[in-house]
Amino acid sequence: MKDYKGSREAVTMALLELAEQDPRFMLVSADSLKAMRATEFAERFPDRYIEVGIAEQNAMAVSAGLASCGLIPYVASYCGFLTMRACEQLRTFVAYPHLNVRIVGINGGLYGGEREGVTHQFFEDLGIVSSIPGITVVTPADESQVYKAVKATATLDGPVYIRCGSGREPVVFDRNEPFVFGKLHMVKEYGRDAAIFASGFLMKRAIAAAEQLNGEGVHVTLCDVHTLKPLDEEGTAAILSRCGAAVTVEDHNIIGGLGSGITDAAASLCPVPVEKIGLRDVFPSSGEAEALVDYYGMSVEDIKTAVRKVVARKQ
Amino acid sequence: MEADGIDVRVINMSTIKPLDEYAVIKAAEETGAIVTAENHSIIGGLGEAVASLLAENIPTPMFRVGIEDEFSQTAAITEEGDALKAHFRLDSKDLALAVKECLER
């Protein structure tokens with residue numbers, strides 16, 4: 001593999017490089033090899049590739065077994081099937097014993113459901129993994145951030161969940177843009193009227209909203225919260241305090257993901273008005289990715305409206 | 001807490017979803033400090049639902065009492081006491097401390 005395109009290939013590229021350096025890295029697939037564009041991994045490292053078929057609970061339990069022997073398995077499949085179908089295996093056999101399993105969840109969000117529709121759109125996964133103690137959760141904003149996130153979390157202690165997309169998510173950052181695990185990633189600092197905490201593949205829309213608002217006299221600070229758990233509480237509190245109001249933006253239910261993480265932090269550290277942009281706790285339908293996200297309240301205009309609303313709510 | 005001169009309103013939130021938004025917002029308006037208590041993680045349950053509602057309507061100092069995002073253990077409940085409740089700080093005295101901490105903010 002010479003280069004990667006999209007979040008799924010980015011994971012595979014990173015994993016190939018990790019596997020070249022360290023024999024502990026493995027890939028566990030639930031008939032997801034092609035989805036991960038990881039055929040090369042299977043060909044080059046056949047003794048480190050385990051195929052369980054369409055059996056995600058088995059994949060999770062197998063990964064737990066491998067990790068318990070000191071190996072570092074990446075179990076990669078649709079995020080909904082890994083977090084929902086294999087939830088109990090994740091919780092009791094991976095998280096409870098704090099094993100070094102890396103859960104790569106693809107097709108995160110509404111974007112992810114374009115080809116396969118409602119059963120393959122996932123907007124609960126962050127809520128699930130965030131409620132289980134001890135799982136590190138990262139939500140990189142685009143393909144090169146995914147690549148860096150995999151590398152940055154490769155030898156972290158305990159389970160790690162990496163949220164990926166369909167492979168069609170927009171490229172937002174330069175390949176040189178660093179990924180500093182555990183810290184808020186400052187994207188734009190136009191001013192302090194409000195903060196936008198955005199994550200994942202809607203980052204392009206958040207950036208567009210911030211830029212347009214700036215031209216319209218509302219100056220925001222935009223942060224990329226690529227590490228959802230553990231949340232950079234100090235950084236978050238500082239931004240909340242500085243701006244006095246916040247909008248969260250994510251391709252996930254407004255319950256359980258970034259929005260909840262930020263309102264939890266605000267409640268404990270710095271109560272300020274917050275508006276959430278995300279799926280408003282309804283089941284979406286199938287459709288073309290950008291149109292779907294617009295339809296379900298995550299358009300650039302929706303973000304801008306939320307910012308104006310939250311600025312008006314400041315005392 | 002009554003003995004210490006702290007008057008609290010206690011509300012039983014037996015329906016988490018849909019949350020009784022009116023009751024929570026009214027409580028926040030009239031008291032200015034909110035403590036939630038649940039036999040659940042502080043993530044994903046009543047505390048989070050209330051934090052979210054307050055942030056979206058009336059930001060208020062808040063303290064969430066519950067399991068602090070850790071795995072539990074097995075222990076006995078005896079006449080001497082409930083070892084689990086004590087360990088995870090879910091006793092009434094822990095609740096009183098939470099209220100006091102919240103009021104300080």
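Things to note:
- Inspection of the range A:148-162 identifies no residue that is crowded, with 18+ Cβ neighbours inside 10 Å, touching a residue at least 40 places away in the same chain (Cβ under 8 Å) and more than 30 Å from A:P23 (Cβ to Cβ).
- Meets criteria (in contact with a strand residue (DSSP E or B) (Cβ under 7 Å, 6 or more places away or on another chain), more than 14 Å from chain B (Cβ to nearest Cβ) and in contact (Cβ under 8 Å) with a residue 24 or more places away in the chain) for A:D302: yes
- When restricted to residues that are open to solvent by 40 Å² or more (accessible area, probe 1.4 Å), small (G, A, S) and more than 7 Å from every other protein chain (Cβ to nearest Cβ), the range B:26-45 contains 1.
- Listed by first and then second residue, the pairs with beta-carbon distance under 7 Å, at least 6 apart or on different chains, first residue in the range B:62-77 and within 7 Å of chain A (Cβ to nearest Cβ), second of a type in the set (G, A, S), are B:M62/A:A267; B:M62/A:S268; B:M62/B:A51; B:D69/B:S41.
Each row is one residue, and each column tells you yes or no for (1) among the aliphatic types (A, V, I, L, M); (2) at pLDDT below 95; (3) closer than 16 Å to A:V307 by Cβ.
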{"position": "A:D174", "(1), (2), (3)": "no, no, no"}
{"position": "A:V180", "(1), (2), (3)": "yes, no, no"}
{"position": "A:Y190", "(1), (2), (3)": "no, no, yes"}
{"position": "A:A195", "(1), (2), (3)": "yes, no, yes"}
{"position": "A:S199", "(1), (2), (3)": "no, no, no"}
{"position": "A:R205", "(1), (2), (3)": "no, no, yes"}
{"position": "A:G217", "(1), (2), (3)": "no, no, yes"}
{"position": "A:D224", "(1), (2), (3)": "no, no, no"}
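- Considering each residue of the range A:248-255 in turn, none proves to be within 13 Å of another protein chain (Cβ to nearest Cβ), touching a Cys at 6+ places or on another chain (Cβ under 7 Å) and crowded, with 22+ Cβ neighbours inside 10 Å.
- Filter result for the condition that a residue is surrounded by fewer than 19 Cβ atoms within 10 Å (Cβ to Cβ), modelled with pLDDT of 85 or more and charged (D, E, K, R), over B:E79, B:E68, B:E48: B:E68
- Looking only at the range A:290-315, and only at residues there that are small (G, A, S) and surrounded by fewer than 22 Cβ atoms within 10 Å (Cβ to Cβ), the one that is nearest to A:H120 (Cα to Cα): A:A291
- Scan of the range A:262-272 for residues that are more than 7 Å from chain B (Cβ to nearest Cβ) and either closer than 14 Å to B:G45 by Cβ or touching a strand residue (DSSP E or B) at 6+ places or on another chain (Cβ under 6 Å) (or both), ordered by number: A:I262
- Qualifying residues in the range A:101-136 (those that are of a type in the set (S, T, N, Q) and crowded, with 24+ Cβ neighbours inside 10 Å) - the one farthest from the chain's Cα centre (by Cα): A:Q121
- Residue in the range A:285-296 that is part of a helix (DSSP H, G or I), charged (D, E, K, R) and out of contact with any strand residue (DSSP E or B) (no Cβ under 9 Å at 6 or more places or on another chain) present: yes
- Selection of first residues in the range A:53-67 that are under 20 Å from A:R24 (Cα atoms) and of second residues that are open to solvent by less than 40 Å² (accessible area, probe 1.4 Å) and part of a helix (DSSP H, G or I), restricted to Cβ pairs under 6 Å at least 6 apart or on distinct chains, gives the following pairs, ordered by first then second residue: A:M60/A:Q89; A:M60/A:L90; A:A61/A:Q89; A:A64/A:V94.
- Residue match in the range A:246-257 (condition: more than 21 Å from the chain's Cα centre (by Cα) and at pLDDT 95 or above): no
- A:E9 being in a helix (DSSP H, G or I), open to solvent by 50 Å² or more (accessible area, probe 1.4 Å) and not aromatic (F, W, Y): no
- Per-region count, the range A:19-35, residues under 21 Å from the mean Cα position of the chain (by Cα) and under 17 Å from A:S63 (Cα atoms): 6
- A:D142 vs. criteria open to solvent by less than 10 Å² (accessible area, probe 1.4 Å), within 14 Å of another protein chain (Cβ to nearest Cβ) and either among the charged types (D, E, K, R) or touching an Asp or Glu at 6+ places or on another chain (Cβ under 7 Å) (or both): no
The values are calculated or read from the model by the stated rules, or taken from the named source; none is laboratory data. Just so it is clear, the structure is predicted and the values come from calculations on it, not from any experiment. Ideal geometry is used to build each Cβ from the backbone, glycine not excepted, and the neighbour counts take in all protein chains shown. Surface areas here come from the heavy atoms of the whole protein model, side chains and all, with no ligands, DNA or RNA. Shrake-Rupley method; radii C 1.70, N 1.55, O 1.52, S 1.80 Å.
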